[in-house]
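Some notes on the structure that comes next.
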Amino acid sequence: RQPGGVAVVTLAMAAGPPPPLDRRVLPVFTEEGFGEKFLRKTRENPLVPLGCLCTVGVLTYGLISFKRGDTRRSQLMMRARILAQGFTFAALLGGMVVTALKSRP
């Protein structure tokens with residue numbers, strides 16, 4: 001109450017309590033494990049895991065060449081690794097753009 005005995009009623013108070021939520025309308029969320037999430041993300045953008053595998057393969061081959069003393073092949077593989085990483089990064093960015101465009105109304 002305000003001074004002087006005047007009651008203040010807000011719009012929210014005049015409308016009354018909100019109606020109860022209908023459980024059938026509420027979304028149901030399930031826990032997604034690592035495996036399910038990995039498979040879902042791989043299906044959404046298969047080029048990213050492919051780029052990662054290429055990067056690891058080229059890096060491994062380059063390190064093996066380095067250990068064997070084949071410096072020419074080792075340097076070539078290190079340059080190829082940079083290209084594979086660039087491909088992976090481009091695939092990641094491309095997937096983000098496609099996802100953003102899909103979510104637009």
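The values are calculated or read from the model by the stated rules, or taken from the named source; none is laboratory data. The model shown is predicted, which means the values in this text are computed figures rather than measured ones. Heads up: the accessible areas ignore ligands, DNA and RNA and are worked out on the full protein's heavy atoms, side chains in. Shrake-Rupley method; radii C 1.70, N 1.55, O 1.52, S 1.80 Å.
For segment 45-104, the solvent-accessible area with a 1.4 angstrom probe is 76 square angstrom per residue.
From the square roots a ≥ b ≥ c of the eigenvalues of the alpha-carbon gyration tensor of segment 52-105, which class results: rounded (a/c under 1.5), prolate (a/b over b/c), or oblate? Verdict is prolate for segment 52-105. Residues in segment 42-58 carry Karplus couplings, in order, of 5, 5, 5, 9, x, 6, 5, x, 4, x, 5, 5, 4, 4, 5, x, 5 Hz; the curve used is 6.51 cos²θ - 1.76 cosθ + 1.60 with θ = phi - 60°, and Gly or Pro positions show x. Listed by chain and number, the lysines placed with their C-alpha closer than 21 angstrom to that of Lys102 are Lys37, Lys41; residues fewer than eight positions away on the same chain are left out. Round to a whole number: what % of the accessible area of segment 45-104 belongs to carbon and sulfur, probe 1.4 Å? Carbon plus sulfur share of accessible area: 71 percent. Based on Cα contacts under 8 Å between residues 6+ apart, segment 45-104 shows a relative contact order of 44 percent.
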